[in-house]
Amino acid sequence: MRRTVLALVLGLGTSMSAQRAGVPKIPFQSVPDFLKLPPDLYLGEVAGVAVSSKKHVFVFSRGNSTGPAYGASGAQLLEFAADGKFIREIGHNLYAWSFAHSVKIDKDDNIWVADKGSDMVIKFTPEGRVAMVFGRKQEASDEGTAPLKHPRPPLPPVDGMFRQVTDMAWDAAGNTYISDGYINSRIAKIDKNGAWLKSWGEPGDQPGQFSTPHSLAVDAEGDVYVADRGNRRIQVFDGDGKFLRQMTIDVPFDSDARPAIGNKPSLPLTGPQTMAPGAPWAICITPPPNQVLYSSDGYPGRLYKLTLDGKVLGVLGESGKQPGQFGWIHEIACPSENELYVAELLNWRVQKLILKPSRENIPGQ
């Protein structure tokens, strides 16, 4: 019987508060100086990281910044070998490059990126050639071209178009799910040939509504997990957009914990929950057969390991600038349960993490 039968009868969320006190800390190490950058190449804010079947690491950074102080473009896609050696830049000066947000690798090693600034999703072949484009960048020659507005309520969404797109993921049939994003607050579904099938969601805090759907993952059964960051929850849907359940991450933390940047949040927050403990900035699901989910928050700046039903198995890290500390993890790649790659905005880096969980943290043990 599918896990979804365990879900919520009336669309209510699953809070793991009953097991909070027993959440163990997972020991781990950060591999020092993992990426080997050429002398004349620099990362900016690292928005995305992904790993291919060859263990190559792809980094989508807000580097190569050009233009004025306000509205400058910042997007650069780099590939590294499994040992961190630099291989190449992909899509140098691509028309879609504006403001990097995420990168993912599909089962065929195609490279996908979501650019929040251009409102576009680009599919590259493994060789680095553009295969498909989704969405459309504003025309530079249009007198109305300007930063997108955030009216409340937002303007009606348009099929095939995005407003500050954030991420993408796939099911076994090759359908692509795209989180659209900061303004439209919906999930789009596109088939393997690039045809727009449907979308679901709208701004709000009810089941099936979103406040910045920021990251996506799909499990082996085809269920779609949405990091609903502004609502401090992960919502789960079937492939047609039917709401199945939601999860919240409630783990005690040191009340003296400092944020990675800015003033310490005054909890509980009112309005968007972006800086609330447990609010999911990035999520990742490990490959089958024994899948687990990882999620990161901005404050207190930790990573969480969960079962797909929402039980918190462990926690690691804290805010900071040293190895093993984090500055706003924006994307997670999890090629295996105990090997993670995290992209950090504030520290301008990717960390490779090797986890050393105790046996009680291992599902089925």
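The values are calculated or read from the model by the stated rules, or taken from the named source; none is laboratory data. Just so it is clear, the structure is predicted and the values come from calculations on it, not from any experiment. Glycine also receives a Cβ, built like all others from the backbone with ideal geometry; neighbour counts cover every protein chain displayed. Ligands, DNA and RNA are excluded from the accessible area calculation, which covers all protein heavy atoms including side chains. Shrake-Rupley method; radii C 1.70, N 1.55, O 1.52, S 1.80 Å.
Averaging sequence separations of C-alpha pairs under 8 Å and six or more residues apart, then dividing by the length of segment 293-357, give the relative contact order as a whole percent.
Taking the mean separation of contacting Cα pairs over the length of segment 293-357, I get 22 percent.
Rounded, prolate or oblate for segment 87-230? Axes are the square roots of the Cα gyration tensor eigenvalues, ordered a ≥ b ≥ c, and the cut-off for rounded is a/c under 1.5. Walk me through the numbers before you get to the answer.
Values: a/c = 1.84, a/b = 1.08, b/c = 1.71.
Verdict is oblate for segment 87-230.
Run the reach check for K242 against aspartates and glutamates, Cα to Cα strictly under 12 Å, same-chain hits fewer than 8 apart removed. What comes back?
Excluding near neighbours in sequence, the set is D223.
Of the listed pairs K116/K198; K116/K149; K54/K85; K55/K305; K137/K189, which have alpha-carbon separations greater than 18 Å here?
Over 18 Å apart, Cα to Cα: K116/K198; K55/K305; K137/K189.
Roughly how many Å is it from the Cα centre of segment 291-360 to that of segment 192-240, as a whole number?
21
Anyone know which of S141, S102, S336 comes out most mobile in the 10 Å Cα GNM of the chain?
S141
Taking 8 Å as the Cα distance limit and 6 or more residues as the minimum spacing, I'd like the relative contact order of the chain as a percentage.
Value for the chain: 17 percent.
Find me the longest stretch of the chain that has none of the exposed GluC sites (Glu not before Pro), where exposed means in a DSSP loop (not H, G, I, E or B) with at most 12 other Cβ atoms within 10 Å.
144-365
Using θ = phi - 60° and the Karplus relation 6.51 cos²θ - 1.76 cosθ + 1.60, list the HN-Hα couplings for segment 56-72 in order, rounded to whole Hz, with x at every Gly or Pro.
Result, ordered by residue: 6, 10, 10, 10, 10, 10, 8, x, 6, 5, 9, x, x, 4, 9, x, 5 Hz.
Compute the distance from the alpha-carbon center of segment 85-146 to that of segment 46-72, in whole Å.
Computed from Cα coordinates, the inter-centre distance equals 10 Å.
Cut-off under 15 Å on the C-alpha distance; same-chain residues fewer than 8 positions from K321 excluded. Which aspartates and glutamates are left, in chain and number order?
The qualifying aspartates and glutamates are D33, E45, E344.
Taking only protein heavy atoms into account and a 1.4 Å probe, give the accessible area per residue of segment 50-120 in Å².
40
Could you run the Karplus curve 6.51 cos²θ - 1.76 cosθ + 1.60 with θ = phi - 60° over segment 140-154 and give me ³J(HN,Hα) per residue in whole Hz, x for Gly and Pro?
Karplus values, whole Hz, x for Gly and Pro: 5, 8, 7, 5, x, 5, 6, x, 5, 8, 10, x, 10, x, x.
With every protein chain in place, what's the accessible area of H56 (1.4 Å probe, Å², nearest 10)?
Spelled out: H56, probe radius 1.4 Å, area about 40 Å².
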